[in-house]
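I have placed the structure first, in the form of structure tokens, so that the comments after it can refer back to it.
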Amino acid sequence: MSYSGSQPDFTRRSQGGKNGNKKKNYKPVIAVLMLIIIVLVVVLIIVSATKKPGRNGVIISDIPTPTAFDPNGSEGPSNVPFTAPPTSAPESPLNSFVYAEAGEELPPAKNFLKDANSDQFAYYLSDTAHIDTRVCGIYHVQIQCGDKTYEGDIIVRDTMPPAAVTKTVTVRKGAEVKPADFIESVNDSTDVTMEFVSAPDTGSRGTFTVEIILRDGYGNETKVTAQMIVDADEVPPVIEAIEYREIFVGDTISYRQGVKAYDDRGGEVKISIDSSAVNLKEPGTYKVIYTASDEAGNTSTFEATVVVRDLSELETDEGKYSVAALHRKFSKLVPKIIKDGMSDIEKLYAIWYYVSDPEHLSYISHSDKDSWVREAIRGLDEGVGDCFTFYSVMRALMEEAGFETISVHRLGGETQHFWSLVKVGGEWYHIDACPRSESRKRYWYCFLRTDEELINFGKGDDNYEKINYYYKFDTSIYPASGTEKLADALVNWDTGEIYLKLY
């Protein structure tokens, strides 16, 4: 059967194959390869997007920011996740921080080395002058180690509590005390506050232990103990005043002159004077009451007598040479000799100098020794007298100026000799304005001399055996003098002037 039209020509196709002219189709293979390449590129892009380069181009994982920490804590930066770098990156030989104690010296850079026994050399590259170790905080520094520079922190912290030396304190009963009273010294780099664990009770006499908390500026605390002795002061003060005075009607009197009070504890003593019973316009015998109070509240009283005499008695011999007449005469002279602002030693020197001046009193070999009051008045009026006269005038002026005196009488010798002990600063000293001849050490002046100086008078002098008796006295009947040298009256050999030397 035969066909016509567009029927394929199988005969030609078969013939061509036989002749080796058939073509190969590679398009499907290429498409698959391209797809694989695209997938790989996409994967690489995604992986690259999740990584970032570190130092020297090494890829490391993300490191969270270190959390804050307390510089006073015992641990440094912690809980910081870290992915170790590849072994190709060298590990730093330094720690990232070191501690420094407040107030101590800056730690050396080698303290940053992880290996304390390492022979590597490290030093601060940055200026550390700004770091004040008295102030706690974190200070950033650069450290050079080998040929590399590293970053680090110095953490200044205060972990040491304050140290203190305490002392035993003696207080009066009922006195107020403060913690600082018991602290001798404190050692800390910051300001330290103090407080009692419990407030001490000073209301009872005895020895007690007190506890004190010391706290520095960063809260470090120390508890220390000290001893407190509560000593009840039950001894009243002692009053010194002129016990007996005489004046004439119309004369004035200073009740406070010569009045002193002493407390055995050395505290302040307040003195009050009650002279309300005295009538200076009416003759009579009156009482003046002195009251002294110390800081503990102890009180003592002293009673003085003031005799007011009628002016008509001045016409009698007794009245003319009475204590009242002595006061009337010498009370007017004292302000001319001593001045305001003088110390006690200066006042005594001014009186001694005045009496020893021949223009005021010259030496003669006799006097009336029945009454020192009478002789003082007569000596001042007439300007002449012997040792008793000099003693009497000195005594009158010193007592009128408010000094306490005691009369001293020479022991033995062919003639009598008189001088005074005067109290200065609570101690007794010898004083004598009477002149002596050159054979008796004329320029050895008896001004505020000690017992020892009088006992050794003339020692070392060729004439010692003949003159040592001059100031010999019975030490058993007089109070012992002070031993500390206060002053001297000395002669200037160039000018012949006498001058005061204080010690």
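What follows draws every value from the coordinates through simple rules; no lab data is involved. Being a predicted model, the structure only gives us computed values, none of them experimental. Positions of Cβ are backbone-derived with ideal geometry, glycine not excepted, and every protein chain shown enters the neighbour counts.
Summary of values
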{"read-out": "Rounded tilt (10° steps) of 387-400 against the dominant C-alpha axis of the chain", "value": "50"}
{"read-out": "Selection from 456, 129, 445 lying farthest towards where the dipole of the chain points positive, charges on Cβ", "value": "129"}
{"read-out": "Farthest positive-ward along the chain dipole, Cα basis, beta-carbon charges - from 192, 392, 416", "value": "192"}
{"read-out": "With eigenvalues of the C-alpha gyration tensor scaled by 5 and rooted, region 434-488, Å", "value": "20, 14, 10"}
{"read-out": "Long-range HN-HN contacts of residue 428 with modeled amide H, under 5 Å", "value": "482"}
{"read-out": "Gain in span if fully extended, residue 213 to residue 340, counting 0.36 nm per residue against the direct Cα distance", "value": "40.6 nm"}
{"read-out": "For region 466-471, Karplus couplings with θ = phi - 60° (6.51, -1.76, 1.60), whole Hz, Gly/Pro x", "value": "8, 10, 4, 5, 4, 10"}
{"read-out": "Reachable aspartates and glutamates, given that their alpha-carbon falls under 15 Å from the alpha-carbon of residue 270 and they are not under 8 places away in the same chain", "value": "240, 294, 295"}
{"read-out": "Integer Hz, Karplus 6.51/-1.76/1.60 couplings in order for region 478-487, x for Gly and Pro", "value": "10, x, 5, 7, x, 9, 7, 6, 9, 6"}
{"read-out": "Cα centroid separation, region 94-150 to region 248-315 (Å)", "value": "79"}
{"read-out": "Under-5 Å amide H pairs with residue 248, H placed in peptide plane, nonlocal only", "value": "309"}
{"read-out": "Extreme residue, positive dipole direction of the chain, given options 203, 253, 113 (C-beta unit charges)", "value": "113"}
{"read-out": "Rounded tilt (10° steps) of 27-49 against the dominant C-alpha axis of the chain", "value": "0"}
{"read-out": "Mean ellipticity per residue at 222 nm, deg cm²/dmol - from DSSP H runs of n ≥ 4 across the chain, formula -39500 (n - 2.57)", "value": "-6000 deg cm²/dmol"}
{"read-out": "Flagged links, alpha-carbon separation over 32 Å, of 260/466; 423/466; 173/347; 287/320; 347/472", "value": "260/466; 173/347"}
{"read-out": "Cα long-axis angle, helix 344-356 against the chain (0 to 90 degrees, to the nearest 10)", "value": "30"}
{"read-out": "Proximal lysines relative to residue 148, as straight alpha-carbon distance under 16 Å, when same-chain residues fewer than 8 apart are discounted", "value": "110, 114"}
{"read-out": "Nearest-20 debye value, region 238-313 charge dipole, Cβ charges on Lys, Arg, Asp, Glu", "value": "140"}
{"read-out": "Order of 420, 392 under a 10 Å beta carbon neighbour criterion, fewest first", "value": "420, 392"}
{"read-out": "Unit charges on C-beta of K, R, D, E only; dipole of the chain, Debye", "value": "5120"}
{"read-out": "Rg over Rh [alpha-carbon atoms, Kirkwood Rh] for region 294-361", "value": "1.14"}
{"read-out": "Exposure proxy order (Cβ contacts within 10 Å, fewest to most) of 329, 466", "value": "466, 329"}
{"read-out": "Cα-centred dipole magnitude for region 163-231, charges only on beta-carbon of K, R (+1) and D, E (-1), debye, nearest 20", "value": "320"}
{"read-out": "Using θ = phi - 60° and Karplus 6.51 cos²θ - 1.76 cosθ + 1.60, couplings along region 262-269 (whole Hz; Gly, Pro as x)", "value": "10, 10, 5, 8, x, x, 6, 10"}
{"read-out": "Scaled radius of gyration (Cα, divided by 2.2 N^0.38 Å) that the chain gives", "value": "2.28"}
{"read-out": "Projected-area average for region 327-502 over all orientations - Cα convex hull basis, square nanometres", "value": "10.5"}
{"read-out": "In nm, spacing of pseudo-spin labels at residue 159 and residue 33 (7 Å Cα→C-beta vector)", "value": "6.9"}
{"read-out": "Kirkwood-type radius of region 97-157, with distances r between different C-alpha atoms, in Å", "value": "11.8"}
